[in-house]
Amino acid sequence: MSMTAMSAARVTQPDRAQLRDGQPDWCSDEEWALRCQLADCYHLVDYLGWTETIFNHISARLPGPAHHYLVNPFGLNYTEVTPANLLKVGLTGEKLEPSPYDANPAGFALHSAIHEARDDIHCVIHTHTTQVSAIVQKKGAFSHNDFYGAQLFGRVGYHAFEGITLFADEKPRMLESLGDKHILVLRNHGIAVGEASIAKTVFLLWTVQRAAEIQCLADSMRGEDTPLSDEVRTRCADLTAMLIRDDGFAEKFFSAMVRKMRAARGPGW
């Protein structure tokens, strides 16, 4: 690797507008576009209040047969993530380019397992917001009786808590729990969602988060819920899955949210 590339890999907090426009010579056009979008994703998750200080992780798989992926440098806030300081790692979490940072070891088992086994998933986001953590602690988890919860019907896999996700031997059990779905409830812990693109994954996570928020509020109120039939739930879930498959819909949603975030935070974002 050239000295220029090594210097670029050590960038921590340059001006974001410059980074978006100033692609370094060590990075292909395709990879740089993915890095820029993933950095926007980190900033958006922070803007929406879904972060857990320096913890949790979002990954995006790079093109090619090696299943390499990009992930955040451990120790940085999500607001400090830039296209240039994202880590490129292999399936065992090893860094593939020089960086003064390491990745969060708690993310290797989860992200590498999904990226290796599921060719239809190119982005994985793991969160445990207060509302999501409360819902997944309950035996019944998501009730599917509200507008957003209905959209998740039949689309959620459940994985029993085994402690902090650090060990490779848990990978096959997580994959078995996920099956062919795109939402994995990590019981007593949080959520992981994955889709074919960053934009699709963000939209799916937004749906999960809204379902958790509404269910938490409904459960705190007096009175009985009005249950939905499985027929209505299935119709809602199928329609939402169809919308996610449409690249244009997810991209419009993601782009609009990024514009909203940049307008609120001002120049440099």
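The values are calculated or read from the model by the stated rules, or taken from the named source; none is laboratory data. Quick caveat, the model's predicted, so the values are computed rather than measured. Cβ coordinates were reconstructed from backbone atoms using ideal geometry, including for glycine residues, and neighbour counts include every protein chain displayed. Accessible surface areas use protein heavy atoms only, side chains included; no ligands, DNA or RNA. Shrake-Rupley method; radii C 1.70, N 1.55, O 1.52, S 1.80 Å.
Key figures for this structure:
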quantity	calculated
Residue among 84, 109, 66 that is under 22 Å from residue 169 (Cβ atoms) and of a type outside the set (Asp, Glu)	109
Scope region 187-237; condition part of a strand (DSSP E or B) and open to solvent by 10 Å² or more (accessible area, probe 1.4 Å); matching residues	195
Residue check, residue 153 crowded, with 19+ Cβ neighbours inside 10 Å, farther than 23 Å from residue 62 by Cα, in contact with a Lys or Arg (Cβ under 6 Å, 6 or more places away or on another chain) and not hydroxyl-bearing (Ser, Thr, Tyr)	yes
Residue match in region 112-129 (condition: touching a residue at least 60 places away in the same chain (Cβ under 8 Å) and part of a helix (DSSP H, G or I))	yes
Residue in region 1-17 that is open to solvent by 30 Å² or more (accessible area, probe 1.4 Å), more than 22 Å from residue 201 (Cβ to Cβ), in contact with a helix residue (DSSP H, G or I) (Cβ under 9 Å, 6 or more places away or on another chain) and at pLDDT 50 or above present	no
In region 37-80, the residues that are free of Cβ contacts under 8 Å to residues at least 60 places away in the same chain, buried (at least 21 other Cβ atoms within 10 Å of the Cβ) and closer than 17 Å to residue 269 by Cα	39, 42, 78
